[in-house]
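Visitor: Would you mind keeping the following structure in view while I ask a few things?
The values are calculated or read from the model by the stated rules, or taken from the named source; none is laboratory data. Just so you know, these numbers come straight off a predicted model, no measurement behind them. Cβ: placed from backbone, ideal geometry, glycine included. Neighbour counts: every protein chain shown. Ligands, DNA and RNA are stripped out before the accessible areas are found, and what is left, the full protein with its side chains, is counted by its heavy atoms. Shrake-Rupley method; radii C 1.70, N 1.55, O 1.52, S 1.80 Å.
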There are 2 protein chains.
Amino acid sequence: MARTEPKPRFARQPPEVRRQALIDATIECLKRYGHEGLSIRTISAQAGVSVGLINHHFPNKDELVAAAYRHINSELIAGMQAAVARAGSSPQARMRAFLESWFSAPSLDADALAVWVVFWGLYRHSRLIQRAHRETYQGYVSLLRGMLAELLPSERAARSGRTRRARGGAPAVDLRLAAIGFTALLDGLWLEWCLEPGTFRPAEAVELCEAWLAQLVRRNGARS
Amino acid sequence: MARTEPKPRFARQPPEVRRQALIDATIECLKRYGHEGLSIRTISAQAGVSVGLINHHFPNKDELVAAAYRHINSELIAGMQAAVARAGSSPQARMRAFLESWFSAPSLDADALAVWVVFWGLYRHSRLIQRAHRETYQGYVSLLRGMLAELLPSERAARSGRTRRARGGAPAVDLRLAAIGFTALLDGLWLEWCLEPGTFRPAEAVELCEAWLAQLVRRNGARS
DNA sequence: CCTCTTGCTGTACGATCGTTCAACAAGGAC
DNA sequence: GTCCTTGTTGAACGATCGTACAGCAAGAGG
């Protein structure tokens with residue numbers, strides 16, 4: 001009776017598991033407290049470990065933050081890719097799945113968006129964040145560009161390519177510029193919703209994006 | 001010769017002047033060092049004053065930061081309004097002036113954009129920033145909405161309003177949604193250019209925005 | 001020239017920051 | 001049961017944070 005179970009004061013974890021737990025704690029702290037949540041003590045408390053453990057698994061704080069940014073980035077992109085893959089082969093259905101995935105939880109979460117904004121604020125002055133951005137953003141750009149390409153009837157454009165090339169060298173729709181504009185629209189709507197969630201519904205954001213795309217397709221078809 | 005001019009160790013300034021100098025120094029520090037530049041010592045060094053002076057003119061640091069946000073906001077909006085007013089009365093010319101003002105210095109400055117991003121990161125957890133945002137953002141929204149309204153031939157829509165109302169109650173173009181989408185496009189392009197200035201030229205951003213507007217006008221005209 | 005207001009300085013304080021490191025102990029190997 | 005590896009702890013360090021405040025001095029008013 002008096003003999004209590006000799007409960008361990010802590011449990012060992014494989015480095016990989018602990019690293020991930022610390023990354024999750026970092027993101028959680030960012031959600032709760034914003035930039036002020038990015039302190040060793042806040043994060044370690046959130047993870048339920050001591051202050052010293054972070055520097056055992058990460059060389060310093062900045063590396064942990066960069067790892068958190070890399071994780072949140074690749075998680076998001078993986079979710080998008082999965083949603084698109086689930087939608088089948090129709091370009092329209094794939095794009096719709098992408099948009100609905102974008103403008104719904106967990107992507108369109110006010111907390112998650114606030115996390116992104118803090119990272120953006122760090123971007124310019126942290127080489128580590130810049131590297132993490134470059135490494136993960138590429139997957140996002142190529143996913144989006146691929147969907148745009150398959151949505152626009154460029155195969156027709158390719159067949160009549162010789163004629164159009166001869167006329168000026170420009171394709172019917174500048175895919176690069178279209179991707180830039182579309183990304184801007186997505187990010188901008190995201191940001192607006194983050195700063196003031198009440199002003200519009202997610203479905204309206206989808207609507208706006210599809211209107212943009214429809215206009216793009218129409219323009220592309222008209223010229224080819 | 002040995003008599004040196006008894007140069008004053010500091011110069012007194014009217015509170016208004018000094019407050020503005022401190023606000024300018026705050027913004028300059030944000031440009032140079034990002035979020036880490038938001039410290040009393042960094043700001044006071046930038047302003048060339050002692051650490052104690054800030055708390056003489058502002059109750060605390062957060063109030064100074066909020067004042068800086070308010071200032072940068074109203075400066076931007078005032079610049080836009082001036083550019084639009086200078087453009088005359090033609091809706092097209094006014095909108096073009098607005099876009100060109102938006103996508104050129106000093107608005108489209110990588111430093112200035114970085115400042116904004118830091119403020120956005122603070123937004124969610126600072127009531128003072130939220131208040132400053134609400135107080136200044138309204139002017140921007142109304143400017144933009146006014147330009148959209150005068151750009152769309154809504155007077156024709158108003159004349160034939162009875163017919164369209166009877167058909168479904170929705171105007172040809174939802175002005176609210178159009179403003180939201182347009183703002184998103186502006187902010188998104190701004191953000192993209194900030195994060196990676198090399199990917200597109202400002203003129204291309206203007207082009208994208210005008211394409212969006214042209215499609216909006218066309219859609220509005222087709223239905224009325 | 002003197003006085004008085006007040007803008008301004010700069011030290012001091014306690015809190016918290018990121019990081020270090022010696023000691024501890026969990027738990028698998030044997 | 002006994003090593004032994006190593007994940008983990010937590011006190012301690014120096015630096016820096018925001019703020020307070022007692023005193024200095026600039027410069028206008030008389």
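Visitor: Could you give, in nm with one decimal, how far B:Q81 is from each other copy of that position, shortest first, with labels 7 Å out from Cα toward Cβ?
Guide: Distances between equivalent label points, in nm: 4.9.
Visitor: Of all the residues in chain A, which one has the C-beta that comes nearest the axis relating A to B, and what is the distance in Å?
Guide: Residue of A nearest the axis onto B, distance in Å: A:G188, 2.
Visitor: Another question, if that's okay. Can you work out the FRET efficiency for the pair B:H56 and B:H125, with r the C-beta to C-beta distance and R0 = 22 Å, to the nearest 0.05?
Guide: Once rounded, the FRET efficiency stands at 0.25.
Visitor: Counting only the backbone N, which residues of segment B:32-54 are under 12 Å from the spot 7 Å out from the Cα of B:R9 toward its beta-carbon?
Guide: Correct set: B:50.
Visitor: Would you calculate, for the protein assembly as shown, the mean residue ellipticity at 222 nm contributed by helices, counting each DSSP H stretch of 4 or more residues as -39,500 (n - 2.57) and dividing by all residues, to the nearest 500?
Guide: -24000 deg cm²/dmol
Visitor: Could I ask something else about it? Please tell me the relative contact order of chain A in percent, rounded to the nearest whole number, where contacts are Cα pairs under 8 Å and at least six residues apart.
Guide: Rounded, it is 19 percent for chain A.
Visitor: If each of A:E75 and B:E150 carries a label point 7 Å out from its Cα toward its Cβ, how far apart are those two points in nm?
Guide: For the pair A:E75/B:E150, the computed spacing is 4.7 nm.
Visitor: With every protein chain kept in the model, how would you rank B:Y69, A:Y137 by accessible area, 1.4 Å probe, largest at the top?
Guide: Output order, biggest surface exposure first: A:Y137, B:Y69.
Visitor: Also, I was wondering about something else. Using just the Cα positions, wrap chain A in a convex hull and report its mean projected area in square nanometres, one decimal place.
Guide: Convex hull of Cα atoms, orientation-averaged projection: 17.7 nm².
Visitor: Can you give the convex hull volume of the alpha carbon atoms of the protein assembly as shown per residue, in Å³?
Guide: 272 Å³
Visitor: Report, for B:P59, each distance to the same residue's label point in the other copies, shortest first and in nm; define the point 7 Å along Cα→Cβ.
Guide: Listed shortest first, these distances are 4.5 nm.
Visitor: Let me ask another. Let's test the formula: R0 of 41 Å, r as the Cβ-Cβ distance of A:A214 and A:R41. What FRET efficiency results, to the nearest 0.05?
Guide: It comes to 0.20.
Visitor: Per-residue Cβ counts within 10 Å, from other chains only, averaged over B:189-197: what number is that?
Guide: 5
Visitor: Please report, for the Cα atoms of segment A:1-92, the Rg to one decimal and the Dmax as a whole number; what are they, in angstrom?
Guide: Every Cα atom of segment A:1-92 included, Rg and Dmax give 18.2, 69 Å.
Visitor: If you don't mind, another one. If you project the alpha carbons of segment A:14-58 onto the principal axes, what extent comes out on each, in Å, largest first?
Guide: 28, 16, 16
Visitor: Right, something else. Keeping all protein chains in the complex and leaving out DNA, RNA and ligands, what accessible area do you get for A:C194 with a 1.4 Å probe, in Å² to the nearest 10?
Guide: Spelled out: A:C194, probe radius 1.4 Å, area about 10 Å².
Visitor: Next question, about the same structure. In square angstrom, rounded to the nearest 10, how much accessible surface does B:E135 have for a 1.4 Å probe?
Guide: We get 110 Å² for B:E135.
Visitor: Still on this structure: What average number of partner chain Cβ atoms lie no more than 10 Å from the Cβ of the residues making up A:117-128?
Guide: Average neighbour count from other chains, rounded to a whole number: 6.
Visitor: Pull out the extension gain between B:E196 and B:E16, defined as 0.36 nm times the separation in residues minus the alpha carbon to alpha carbon distance; nm, one decimal.
Guide: 61.0 nm
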